[in-house]
Amino acid sequence: MDWSEQRTRIRRFLRDPSGNIWSDALLLRLFNNAQYDLHNQLGAIDDVLVTRVPPMYQTAYLHDWEWAHNQHATGYPYLALSYHDQSQKVLCYTWEVENIARSTATTGDPGTYYTQPWEAWYVDTPAKPPPLWLPGQFHTAKFIAYDKDPLEVTTKKEVQQDDRTWKARKGEPFAYYREETLENHIVLYPTPSSVTWVDITGDGMLIYDSEDTADSETGTVIDAEASILSQKEGLGVDLFGAAANLLVIFSSNPQEIVFDADTTDFAPYLQKYIEYATLESAFRANTDGYAPSLIDFWETRKQLGYQAIRKFMQKRKEDRDYQLRTPVTPAKSTRRRPRLPDAYPAQD
Amino acid sequence: MNDLETNVLQIIGEDTSSPDVFTDDSTGMAQIRDSINDAIEEVVMLTGSHKRKYQLSIRADKNFYNLDFSDGDVAWITDVWLLPTGRRLVQKDFIALTDFNPRWLYNSATPERYCPIGLDKMCIHPVPSTSTGTLEITCVVIPARYTTDTDRVHLRNEYKWAVVDYAVAEYFASRGDAKRATDHLSRYAKRLGLEEQYPASQERLWRLRTDKRDNSWIGQSSVQESGGS
């Protein structure tokens, strides 16, 4: 169900099909808020993604005001260089800061600055480690691997404490850190010393095929319309392999609904719980439709739904095997004992 | 209209032979069908009463797969069987996998375990070395919403009245009658075993006690009271 269909259902229960009391904009805001509510009940929505390395950003921008004018809704913009607050200029190198301040401009940077992160592997030494983008609704990582090797999580502080040359350090990545949570990107430490360059056509890994509809938010699963191998056949099409790329298994936030044709990220059988929370909030709003009895009813319905969801989340683990053990107890072996063939001894 | 819809209309007072509001067509029945479908989804979500098998051909060097049923949505996986090897794959999560072998992505052999990812993806480990073999994945599947009278309703008989109560509750809620809606919703919750928000059992005080005056385990004993004259 897309947003327009869900809105119709919500309006049916509000008895306001024409929007005389509750506007579409209000319902949309309440709905998006209710999505976060459900997300808290359900826990994470997990997903898997492969991000190519070097990363491809759709645009780069310098000033904050430019962000609204680039394709941030459909791609990944990169904030390049450094903004100098005192002069309100964008600067490249540290000596420029000193020059503006009329100091002796002598401080050198460890390497070369870039405006697109992939350039970090084109120069001899990048001046700062390049970021790798994560999907827009990224919340937390469950497992991250670079070139199939797992990465530990660390912090920039820990990296700086142990390594004076962290900015330009190259090698085999073994950790990653996230500088801030507003921007959905991580930084590998150390920066991979070499990468595999990708051609759009020809052999090797593809960014996309000319007949495919690929968007920047997918990696492992791409809708390859021209291919029989698509997600509809139940196969994950690794147009990007995990080798020499970043594999991310993560929990995601729900994406906000904006347009009528947008569909919530939740499974269809969970979407009604968002509607219940929306209805409760709508009746609670200080409008002509304020109705305490209906607030109670929809709140009860919502809470019953959340209970159902909690039971559902427990049932999802019913195929697990549980074993009581101490630290020294070996884990249960999954290998079967050797057994004779069913037809033994051979029947003549 | 099917028997669920008929029962709902009868309870809300609609003439089932010649309905005024909820006419026997897709437009007239839309609200009732929506409610019934919502209830069926929740019943299956709670009871796991509808399972289907998903046959997935495994590919060499592919760990991750989608589970994309054409007629419903995956709720959870109940078992995974590998053919032709004849092996049950064990469910794990990524913590267990990383504990088993931090470089688990490099392992290549006949799959032994799987990890569900989200609601409709899974990862198998080790990664298959050849593109042979099929996984028979049994899943609880939330059935697709029925749209016509003749569509099959994937619901056990013992839950049918719960579903009817649910649809009736939503009908009264859509009319603004919160009291009747709550009544029917309570009945629905009881039939499904969903506790209400303030269950009566929480107000009970349970305690263990013995009755030390009960001497029946040592046989009859009579206690003679000395009586005074």
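The values are calculated or read from the model by the stated rules, or taken from the named source; none is laboratory data. Quantities reported herein were computed from a predicted structural model and do not represent experimental measurements. Because the Cβ atoms are built from the backbone with ideal geometry, glycine has one as well, and the counts that use them run over all protein chains shown. Note: areas computed on protein heavy atoms with side chains; ligands, DNA, RNA excluded. Shrake-Rupley method; radii C 1.70, N 1.55, O 1.52, S 1.80 Å.
A simple spin-label model places the labels of A:THR140 and B:SER17 6.2 nm from each other, with each point 7 Å out along Cα-to-Cβ. Where a ≥ b ≥ c are the square roots of the eigenvalues of the C-alpha gyration tensor, would you call segment A:57-136 rounded, which needs a/c under 1.5, or, failing that, prolate if a/b is larger than b/c, or oblate? It is oblate, given that a/c is not under 1.5 and a/b is not larger than b/c.
With a Förster radius of 56 Å applied to the beta-carbon distance between B:ALA30 and B:THR85, the computed FRET efficiency rounds to 0.70.
Classify segment B:138-183: rounded, prolate or oblate, from the alpha-carbon gyration tensor (a ≥ b ≥ c, eigenvalue square roots; a/c under 1.5 rounded; otherwise prolate if a/b is larger than b/c)?
Numbers: a/c = 2.53, a/b = 2.04, b/c = 1.24.
Because a/c hits 1.5 or more and a/b exceeds b/c, segment B:138-183 counts as prolate.
In plain terms, the chain from A:LYS157 to A:ALA101 could stretch by 17.4 nm, reckoned as 0.36 nm per residue minus the Cα-Cα distance.
With every protein chain left in place, what is the accessible area per residue of segment A:1-131 in square angstrom, probe 1.4 Å?
Details: 6800 Å² over 131 residues.
Ligands and nucleic acids excluded, the result is 52 Å² per residue.
Averaged over the residues of peptide B:182-190, the number of Cβ atoms from other protein chains lying within 10 Å of each residue's Cβ is 2. Plainly put, segment A:1-151 has a radius of gyration that is 1.14 times its Kirkwood radius, both from alpha-carbon atoms, as the Rg/Rh ratio.
As a calculated quantity, the FRET efficiency between A:ASN286 and B:THR132 at R0 = 41 Å, using C-beta atoms, amounts to about 0.05.
Positive contributions from Lys and Arg (+1) and negative ones from Asp and Glu (-1), summed over other residues with Cβ under 12 Å from the Cβ of A:PRO17, come out at +3.
Between A:ASP296 and A:THR8, what length in nm is gained on full extension when 0.36 nm per residue of separation is reduced by their alpha carbon distance?
Details: separation 288, 0.36 × 288 = 103.68 nm, distance 2.17 nm.
Here the answer is 101.5 nm.
Which net charge results when you count Lys and Arg as +1 and Asp and Glu as -1 among the other residues whose beta-carbon is under 13 Å from that of A:ASP319?
Working: positive: A:LYS315, A:ARG316, A:LYS317, A:ARG320, B:LYS51, B:ARG88, B:LYS92, B:ARG113; negative: A:GLU318, A:ASP321, B:ASP79, B:ASP93.
In short, +4.
A protection proxy built from the mean count of other Cβ atoms within 10 Å ranks the segments A:76-83, A:165-172, most packed first, as A:76-83, A:165-172.
Ballpark to the nearest 100 Å², how much total accessible area do A and B bury together, probe 1.4 Å? Before the final figure, lay out each step's value.
Values: alone 21770 and 14970 Å², together 31160 Å².
Chains A and B together bury approximately 5600 Å².
Among the residues of segment A:288-316, those with an accessible-area drop of 40 Å² or more from chain alone to full protein complex, heavy atoms and 1.4 Å probe, are A:LEU294, A:PHE297, A:ARG301, A:LEU304, A:GLN307, A:ALA308, A:LYS311, A:PHE312, A:LYS315, A:ARG316. On the accessible surface of segment B:33-142, probed at 1.4 Å, how many percent belong to carbon and sulfur atoms? Result for segment B:33-142: 46 percent of the exposed heavy-atom area is carbon or sulfur. Surface composition of segment A:1-55: carbon and sulfur atoms hold 43% of the protein heavy-atom accessible area at a 1.4 Å probe. Estimated from the Cβ-Cβ distance and a Förster radius of 22 angstrom, the FRET efficiency linking B:ARG156 and A:LYS311 is about 0.80. Check each residue of segment B:53-68 and keep those whose accessible area, probe 1.4 Å, is at least 30 Å² smaller with all protein chains in place than in the chain alone; give them in order of residue number. Flagged in segment B:53-68: B:ARG59, B:LYS62, B:PHE64, B:ASN66, B:ASP68.
Report the per residue volume, in Å³, of the convex hull enclosing the C-alpha atoms of segment B:58-125.
So the per-residue hull volume is 97 Å³.
For segment A:137-180, the equivalent ellipsoid derived from the Cα gyration tensor has semi-axes of 20, 14, 8 Å, listed largest first. Interface residues of segment A:121-153, defined as those with an accessible-area decrease of at least 20 Å² between the chain by itself and the complete set of protein chains (probe 1.4 Å), are A:PHE143, A:LYS148, A:ASP149, A:PRO150. With every protein chain in place and a 1.4 angstrom probe, the accessible-area ranking of A:ARG284, B:ARG88, largest first, reads A:ARG284, B:ARG88. Computed from the alpha carbon positions, the gyration tensor of segment B:51-168 leads to an equivalent ellipsoid with semi-axes of 34, 15, 11 Å, biggest first. With K and R counted +1 and D and E -1, the other residues having a Cβ less than 10 Å from that of B:ILE142 yield a net charge of -2. Shape analysis of segment A:253-325 places it in the oblate category; the axes a ≥ b ≥ c from the Cα gyration tensor give an a/c of at least 1.5, with a/b not above b/c.
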